Amino acid sequence: MAEQSIAAELKKTPLNGVEKELGGKMVDFGGWELPVQFTGILDEHEAVRTRVGIFDVSHMGEVTVKGPDALKLLQQATCNDVSKLENGRIHYNGLLYPTAGFVDDILIYRNAPDDYFVVVNASNTDKDFEWLRDCAKGMDADVRNVSADYAQLAIQGPKAEALLQPMTDVGLSPMKYYRFGTGKVDGVEAIVSRTGYTGEDGFEVYIAPEHGPRIMRKIIAAGAKPCGLGARDTLRLEAKMALYGNDIDHSTTPLEADLGWIVKVEKGDFNGRDVLQREKSEGVRRRLVGFEMVDRGIGRHGYPIVDGSSEIGVVTSGTHSPTLKKAIGLAYLPVDKTALGSEFVVLIRGKETRARVVPTPFYKRAK
């Protein structure tokens, strides 16, 4: 009975019923009931790397920022240069506190110079919305949480374009990475972007929630494999895509997180700019690196990294890579220990286990 009441309290996406019909193994993911897997993580991972898989990402949040000061607001709140976006383009950005720590990592879609669509992490939706609204005080910018207006599907893998194109009037072939278009998918209004969180080619489709179940079933019938959170995590880690709450959070800056490419201090004032300028000139004290295990074992989130009796760092993400057939992970290390090939010790359930710094991303698809 207690288990039933817990399940009843979890938020559900519009696709929850379809996922249960398909035999999804449902878990609590940040207050949402979502499938961790359907047929198995390895099976689903391999489908995305070689063919095409579909993920329900409707738990992600969407916020619109419109008005004469929309650009000014986003420039102030984030570290990347939003003024460089053109209509139909997207970029990855950091929503920052004045400390330069992450409020969240986000995608910004530009519809027009005064109209932006911001995609945020599920667990941060309310916090991000309130933060942007607070930053907008005194500005002529309208910030709205429109998350309830969308179901979101991610169709990912080398065969994603061939599968999706017959269902949409949005031209997919000319669409470059991090671009989007609006049109119809299976006859209903949609935003279609060439984006994803897997390291493969693919698309994310935003539609009204009531159409989600039908369209998901249609995409599966056309050959996409239903995939859960487990494969989403192994795929994103191989591609070295940060996970908020693991690899980045309020206590980490973009420069520490090896995301210097999204920091544009030359754009003018923004939250955390002085901290990031100082880090750029003086250097950071720790940095996020990729590693592979030398000894047997998997370094997982939260496992300490030690030097003798001192804790010098921490593993933020770790798994067995289905593509590379070895244990990989991400960790914060003191800068003097981040050179490629450097070895360090992870405590795995109290046992000292050797790991080595390696280049990232661990996996890069052939273009």
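Before moving on, here are some points about what is shown:
- Search result, residues across segment 136-160 that are on the phi < 0 side of the Ramachandran plot, assigned to a loop (DSSP other than H, G, I, E, B) and either in the same structural domain as LEU34 (by TED's automatic domain parsing) or in contact (Cβ under 8 Å) with a residue 12 or more places away in the chain (or both): ALA136, MET139, ASP140, ALA141, VAL146, TYR150, PRO158, LYS159
- Answer from GLU292, GLU256, GLU282, GLU311 - the residue that is buried (at least 20 other Cβ atoms within 10 Å of the Cβ) and either in contact with a Pro (Cβ under 7 Å, 6 or more places away or on another chain) or modelled with pLDDT of 95 or more (or both): GLU256
- For first residues located in segment 339-359 and within 11 Å of ALA327 (Cβ to Cβ), partners that are hydroxyl-bearing (Ser, Thr, Tyr) and assigned to a strand (DSSP E or B) and lie 6+ apart or on another chain with Cβ distances below 8 Å form the pairs VAL346/THR353.
- Filter result (over 22 Å from GLY17 (Cβ atoms) and surrounded by 20 or more Cβ atoms within 10 Å (Cβ to Cβ)) within segment 213-235: THR234, LEU235
- The residue of segment 275-291 that is farthest from LEU340 (Cα to Cα), among those that are out of contact with any Leu (no Cβ under 8 Å at 6 or more places or on another chain) and either in contact (Cβ under 8 Å) with a residue 24 or more places away in the chain or part of a strand (DSSP E or B) (or both), is VAL275.
- Residue match in segment 321-331 (condition: modelled with pLDDT of 95 or more, basic (Lys, Arg) and at positive phi): yes
- Taking helices (runs of 4 or more DSSP H) as the structural unit, those lying wholly within segment 1-99 and holding at least 3 residues that are closer than 21 Å to PHE203 by Cα and in contact (Cβ under 8 Å) with a residue 60 or more places away in the chain correspond to 41-50.
- Residues considered: GLU256, GLU200. Of these, the only one that is outside the structural domain of ARG110 (by TED's automatic domain parsing), under 18 Å from THR360 (Cβ atoms) and touching a Gly at 6+ places or on another chain (Cβ under 9 Å) is GLU200.
- The residues of segment 122-131 that are surrounded by fewer than 21 Cβ atoms within 10 Å (Cβ to Cβ) and either in a strand (DSSP E or B) or not aromatic (Phe, Trp, Tyr) (or both), listed by number, are ALA122, SER123, THR125, ASP126, LYS127, GLU130.
- Segment 10-42, residues that are surrounded by fewer than 16 Cβ atoms within 10 Å (Cβ to Cβ) and under 21 Å from the mean Cα position of the chain (by Cα): LYS11, VAL27, ASP28, GLY30, GLY31, LEU42
- Any hit, segment 99-110, residues being crowded, with 23+ Cβ neighbours inside 10 Å, under 16 Å from the mean Cα position of the chain (by Cα) and aliphatic (A, V, I, L, M): yes
- Being among the acidic types (Asp, Glu) and touching a helix residue (DSSP H, G or I) at 6+ places or on another chain (Cβ under 7 Å) is a property that GLU62 has.
- Residue in segment 307-318 that is touching a residue at least 12 places away in the same chain (Cβ under 8 Å), closer than 30 Å to GLN156 by Cα and not polar (S, T, N, Q) present: yes
- Hey, SER317 of a type in the set (Gly, Ala, Ser), in contact with a helix residue (DSSP H, G or I) (Cβ under 6 Å, 6 or more places away or on another chain) and outside the structural domain of ASP43 (by TED's automatic domain parsing) or not: yes
- Evaluation of VAL294 against (1) of a type in the set (A, V, I, L, M, F, W, C); (2) under 20 Å from THR253 (Cα atoms); (3) touching a Lys or Arg at 6+ places or on another chain (Cβ under 6 Å) (one fails), failing number: (2)
The values are calculated or read from the model by the stated rules, or taken from the named source; none is laboratory data. Because the structure is predicted, anything quoted here is derived from the model rather than measured. Because the Cβ atoms are built from the backbone with ideal geometry, glycine has one as well, and the counts that use them run over all protein chains shown.
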